[in-house]
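Please read the structure below before turning to the comments.
The values are calculated or read from the model by the stated rules, or taken from the named source; none is laboratory data. Quick caveat: nothing in here was measured; it's all calculated off a predicted structure. Note: ideal-geometry Cβ built from the backbone for every residue, glycine included; neighbour counts use all protein chains shown. Remember, those area values only see protein heavy atoms, side chains included, never the ligands or the DNA or RNA. Shrake-Rupley method; radii C 1.70, N 1.55, O 1.52, S 1.80 Å.
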Amino acid sequence: MRLELVKRPQRSALFSALSPFIAFVLTMIAGGIMFALLGINPFTAFNTYFVSPISEVWQLHELTIKAAPLILIAVGLAVCYRANIWNIGAEGQFILGGIAGSIIPVMFPTFESPIVLPLCLLLGMVGGALYAAIPALLKTRFNTNEILTSLMLVYVAQLFLDWMVRGPWRDPQGHGFPQTVLFNNSATLPELFPDSGRANWGFVFALVAAVAVWLLMSKMLKGFEVRVLGSSPRAGRFAGFSFNRMVFFAFMLSGALAGLAGISEVTGAINQLQPTISPGYGFTAIIVAFLGRLNPLGIVAAGLVLALTYLGGEAAQTALGISDKVARVFQGMLLFFVLGCDTLIHYRIRLVGLGAPKPDAVPAPKLEEAH
């Protein structure tokens, strides 16, 4: 006996719309069971996880700080995934964007000018885009698997960042700590509401990027090209679209937005380079992209939800005494249920016996005896 997935002739529009909500409810149920097994009251855990972190105004500011990089990265990933191009290396592109955008404030710490911050943001986008072009080049020239190459480049970026802050870019006045000099005011991302919290312009960048990519995908020829090549490369070739150019476009757009997220995080929330500048935003953004159904506007809501799990996880570690690994299980369960629900919307499960004929097999006609 075995299980087979059989493609449905037509998917349900209702369940397609409800899928993220069903996945979230299933995650809550599974999370409640997990907390009960740990000896923690599930209702107390959920209150700590989802309510307490946004009970005050300054906490809402922290929510936007966490959500901004998730939304920026996920919006770029959505373009890749709609084109059936699997960029798993956004974490590395995020890091390279942070490094490239920090060149001016680290190399020229006394240089202050209104053009410094725009140049930092531009360099961050260029750094992320060029780093994303590496797996694009390997895929188009050598037909390598972009999942493996983009993922392996994440570790290259992490080690490169660690080497830079411990070596060439270490602050000589930093008492031996592996970090760069603090950025000057010209290289610092301004706060939106300085009197009430730390929320900065990174969240505005995320909203603008979401709207711009939504317009690109829904109203422009390039978005149509992405959808056609993603659903049927053969039809795209007949229409005159180049799959290789699409690989570069999707990867570099995704990398540019991840790089913008990286330099926004460095110039905003951190204000210097450290050995670690991301708690895993590039990987969590994959969950955000699918939870938002690869729709840039849906990704904004999904990014806020996943940002809340970061804040809730930190609060749960303090209030409930759990580890960060347990706190992040929520993100893994959410991705599992999102993908599971989407799979069952497109396919149905069928139990097949070992000796049963294949469903598309046609029995041979019997030869009638001549009379």
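Overview of values
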{"read-out": "Interchain or long-range residues, amide H under 5 Å from ASN200's placed H", "value": "LEU192"}
{"read-out": "Qualifying trypsin sites (Lys or Arg not before Pro) for region 134-237 [loop in DSSP, other Cβ within 10 Å: at most 15]", "value": "ARG198"}
{"read-out": "Extension gain from PHE336 to ARG141, taking 0.36 nm per residue of separation minus the Cα-Cα distance", "value": "66.9 nm"}
{"read-out": "Ranked order, TRP169, TRP86 - accessible area, probe 1.4 Å, largest first", "value": "TRP86, TRP169"}
{"read-out": "Stokes-Einstein translational diffusion, region 1-129 - Kirkwood Rh over all Cα pairs, 0.692 mPa s, 37 °C, in µm²/s", "value": "168"}
{"read-out": "Modelled FRET efficiency - R0 35 Å, THR276 with VAL25, Cβ distances, 0.05 increments", "value": "0.55"}
{"read-out": "Projected area averaged over orientations for region 176-222, convex hull of C-alpha atoms, nm²", "value": "6.1"}
{"read-out": "Label point distance in nm, SER52-LEU351, each placed 7 Å from Cα along Cα→Cβ", "value": "4.5"}
{"read-out": "Cut-off under 5 Å, modelled amide H: who pairs with TYR347 long-range", "value": "ARG8"}
{"read-out": "Label-point separation in nm, ALA319 to ASP195, each point 7 Å along Cα→Cβ", "value": "3.0"}
{"read-out": "Convex hull volume per residue in cubic angstrom - Cα atoms of region 104-235", "value": "178"}
{"read-out": "Note, ³J(HN,Hα) from phi for region 41-49, Karplus 6.51, -1.76, 1.60, rounded to Hz, x at Gly and Pro", "value": "4, x, 5, 5, 5, 5, 5, 5, 7"}
{"read-out": "Computed E for ALA239/ALA133 - FRET, C-beta separation, R0 22 angstrom, nearest 0.05", "value": "0.35"}
{"read-out": "Value of Rg/Rh across region 299-351 [Cα atoms, Kirkwood radius]", "value": "1.16"}
{"read-out": "Normalised convex hull volume, region 235-278, alpha-carbon set, Å³ per residue", "value": "81"}
{"read-out": "More than 16 Å apart - percent of Cα-Cα pairs taken over region 128-174", "value": "50"}
{"read-out": "Linear extension gain, ARG2 paired with MET34, 0.36 nm per residue minus alpha-carbon span", "value": "8.6 nm"}
{"read-out": "Over 38 Å [Cα-Cα, the chain], rounded percent", "value": "26"}
